[in-house]
Amino acid sequence: MLSLGSNLPPRNHWLDLALATFGEEKGQLLAVTPRWNTAAIGTVPQPDFLNQLVLVEGPRQGWDWLALAQALEARAGRRRGIAHGPRTLDVDVILIGGEVWESAELTVPHPALLQRPYLLRGVADLVPDWVLPGDGRALAKVAQNLLVGSWSDSFRTTAAED
Ligand code: ADP
Ligand code: MG
């Protein structure tokens, strides 16, 4: 499960480019969420992101998923300038089945999974039955408990032209 994000125009184009690459990179695209507009999080003021989660299947080990994510970013011409600054395309590894990876280069489940409502919404929509590693509950259940009140209002589905 990967997340795609862009906050430099044309945002839809960068996400389209990533989706088009999966077939070529031998990863089969199984399911996608809608695209959501989300406010940037953190200390650097920057435009809103367009985010989408994608479920991809392929013969990969953990590190290969990170390599794929970085290859997609490179293809979108991402420059690593300001840390956590605006980017054409950010691809993060959110979940790899039930695997746990704990290093600075690869942390899975993604550390923000339970902090960002759209990530939780996305995994609950695409893989509701997967069990959250280290937790034991299905993602649908985890999301049901956390996605309440203002949390569920903090991102919105975008129109195609956004
Ligand atoms: P961020 O996504 O946090 O805004 P970057 O995309 O610049 O920032 O990623 C910074 C580093 O995070 C990368 O060098 C990568 O090795 C590391 N990283 C650790 N875990 C993950 C993960 N699950 N998905 C993507 N990158 C990760
Ligand atoms: Mg990233």
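Bear in mind that the values in this text are calculations on the coordinates, not laboratory data. None of the values given here were measured: they were computed from a predicted structure. Neighbour counts are summed over all protein chains in view; Cβ atoms, including those assigned to glycine, are modelled from backbone coordinates with ideal geometry.
Distances between placed amide hydrogens fall under 5 Å for Leu30 paired with Leu55, Val56, Glu57, all partners being 5 or more residues away or on another chain.
A simple charge model with +1 on the Cβ of Lys and Arg, -1 on the Cβ of Asp and Glu and nothing else charged puts the dipole of the chain at about 260 debye relative to its Cα centre.
Dividing the convex hull volume of the alpha-carbon atoms in the chain by its residue count gives 112 Å³ per residue. Entry note, the chain: relative contact order of 27 percent, from Cα contacts under 8 Å with a spacing of 6+ residues. Applying the Karplus relation 6.51 cos²θ - 1.76 cosθ + 1.60 with θ = phi - 60° to the stretch 41-55 yields 3J(HN,Hα) values of 10, x, 8, 8, x, 7, x, 4, 9, 9, 10, 8, 9, 10, 9 Hz, where x marks Gly and Pro. Under 15 Å from the Cβ of Pro86, count the other residues' Cβ atoms, weight Lys and Arg +1, Asp and Glu -1, and hand me the total. Value of the local net charge: +2.
Would you mind computing, in nm to one decimal, how far apart the modelled labels at Glu24 and Gln61 are, each placed 7 Å from Cα along Cα→Cβ? Placing both labels 7 Å beyond Cα along the Cβ direction yields 2.7 nm.
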